[in-house]
Amino acid sequence: MGSAQSDPKSRSYLWTLFFAASLICSAYFIGCSSFGSEYKERLRRWQVIEKMQSTTSNKCQDLCRSSGSEALPQGIVRKTSDFKMRPLWNNSVKDNEPKPSMSLLALAVGIKQKEVVDQTVKKFPLSDFVVMLFHYDGVVDKWRDLPWSDHAIHVSAVNQTKWWFAKRFLHPDIVAEYDYIFLWDEDLGVENFNPRRYLSIVKDERLEISQPALDPAKSAVSHPITARQPKSRVHRRMYKFKGSGRCYHNSTSPPCIGWVEMMAPVFSKAAWRCVWYMIQNDLIHAWGLDFQLGYCAQGDRTKNVGVVDSEYIVHLGLLTLGVFNGTESNSHSGSQVHLSQEKHFAEPSESHVVDNRVEVRRQSYFEMQIFRDRWKNAVKDDKCWVDPFQYLANQTNN
């Protein structure tokens with residue numbers, strides 16, 4: 001250090017560096033003073049925002065926001081929708097306008113059952129029901145001559161069952177506006193059925209999952225529990241009689257108790273939210289689903305699932321699933337087909353008709369086994385799930 005101070009060249013070099021550094025610092029503070037003040041202002045603002053966020057974090061931490069809507073103010077988010085058609089003009093929109101109580105009738109239909117479907121829809125007043133048709137044969141325009149057709153929602157996809165349609169077009173957030181969802185087949189006789197009286201009974205009996213009883217004299221009855229019981233309003237279980245041999249007084253499982261079939265189920269919107277999740281995306285026949293519906297009964301399936309006897313229907317049991325006639329294909333939406341019902345189907349005489357009903361039936365059984373295996377694996381893998389009905393059965397046995 002002493003040698004540097006005594007060396008003139010070293011002292012000159014140090015003074016040069018000091019002078020250059022002074023010029024640079026002066027230029028920075030003079031030329032960038034506005035930048036410095038802007039930076040300070042930005043910093044102040046971010047500190048304020050951070051302070052606001054920290055003060056509101058406790059208030060908002062429990063606010064449940066729908067996935068994908070986090071960037072939006074909560075008041076603009078609309079979580080649900082409906083099938084109500086909106087006019088292109090003269091449509092007065094009122095946020096607080098009370099909505100009428102509505103339910104949904106969804107039918108899987110083919111043009112060959114047009115007359116039967118027409119009689120069904122006419123039973124459901126448009127003031128109380130939204131009608132939705134799933135056209136499995138791709139034919140839509142031939143329904144236009146019916147007076148209610150323009151008020152219905154038409155969805156077309158060739159050779160698909162009603163469960164395929166339901167999984168894709170009846171999401172719980174879409175049907176959340178409807179109190180009850182009627183997910184029906186097309187081959188139902190409704191001469192002795194009144195939807196308003198039916199829903200009145202369902203509400204009074206607090207049925208979350210239900211179906212109208214079947215007239216045993218005219219219907220294709222697959223399970224005795226669905227047959228109408230004379231002089232009864234509603235029944236929830238099946239007792240052993242007439243050699244059925246399956247159900248007893250202490251039976252606690254479907255199809256003896258807490259069970260409906262799949263041709264004409266009616267779901268509350270709460271039950272449907274559960275059922276929709278249980279419908280498999282790739283299993284379109286839904287065989288086996290009926291035995292698990294009780295888990296969606298919003299409680300005790302022995303009380304919340306039932307068959308309404310006083311409002312009953314006829315199940316024609318038409319077997320059209322898999323019959324292909326030229327460019328038109330019929331696909332029945334029912335969940336079960338039995339060989340004993342063959343008499344209900346008139347064999348087509350045209351030479352160009354292809355009948356794949358046997359293959360369809362085989363696929364239905366195949367999918368039922370897949371669903372059963374998935375259920376068993378899901379129960380085994382979910383360590384947090386407790387089967388409420390198994391628990392009740394154990395308590396009863398003890």
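A short reminder: the numbers here are calculations on the coordinates, not readings from a lab. Being a predicted model, the structure only gives us computed values, none of them experimental. Please note: Cβ atoms are built from the backbone with ideal geometry, for glycine as well, and neighbour counts cover all protein chains shown.
With the cut-off at 1.5 for a/c, could you classify region 156-231 from its C-alpha gyration tensor as rounded, prolate or oblate?
oblate
Computed from backbone phi, the HN-Hα couplings of region 288-304 come to x, 5, 4, 6, 10, 4, x, 5, 9, 7, 6, x, 6, 5, 6, 10, 9 Hz, rounded to whole numbers (Karplus: 6.51 cos²θ - 1.76 cosθ + 1.60, θ = phi - 60°; Gly and Pro given as x).
The length gained on full extension between Ala176 and Lys142, counted as 0.36 nm times the residue separation minus their Cα-Cα distance, comes to 9.2 nm. For Val109, the residues whose modelled amide H falls within less than 5 Å of its own, excluding neighbours fewer than 5 places apart on the same chain, are Phe134, His135, Tyr136. Oblate is the label for region 196-255, because the ratio a/c of its alpha-carbon gyration tensor axes (a ≥ b ≥ c) is 1.5 or higher and a/b is not greater than b/c.
Is region 173-304 rounded, prolate or oblate when judged by the Cα gyration tensor, a ≥ b ≥ c being the square roots of its eigenvalues, rounded requiring a/c under 1.5 and prolate requiring a/b larger than b/c? It comes out rounded by the Cα gyration axes.
The phi-based Karplus calculation (6.51 cos²θ - 1.76 cosθ + 1.60; θ = phi - 60°) puts the 3J(HN,Hα) values of region 215-221 at 5, x, 6, 10, 9, 8, 9 Hz, whole numbers, x for Gly and Pro. Packing, taken as the mean count of other beta carbons within 10 Å per residue, orders the peptides 136-143, 368-375, 84-91 from highest to lowest as 136-143, 368-375, 84-91. When Arg246, Arg144 are arranged by Cβ crowding within 10 Å, least crowded first, meaning fewest neighbours, the order is Arg144, Arg246. In sequence order, region 376-388 has phi-based couplings of 4, 5, 5, 4, 5, 7, 8, 6, 9, 8, 10, 6, x Hz under the Karplus curve 6.51 cos²θ - 1.76 cosθ + 1.60, θ = phi - 60°, and Gly or Pro positions carry x. Under 5 Å from the amide H of Ala227 lie the amide H atoms of Leu214, each residue being 5 or more positions distant or on a separate chain, with H modelled from the backbone and absent for Pro and chain starts.
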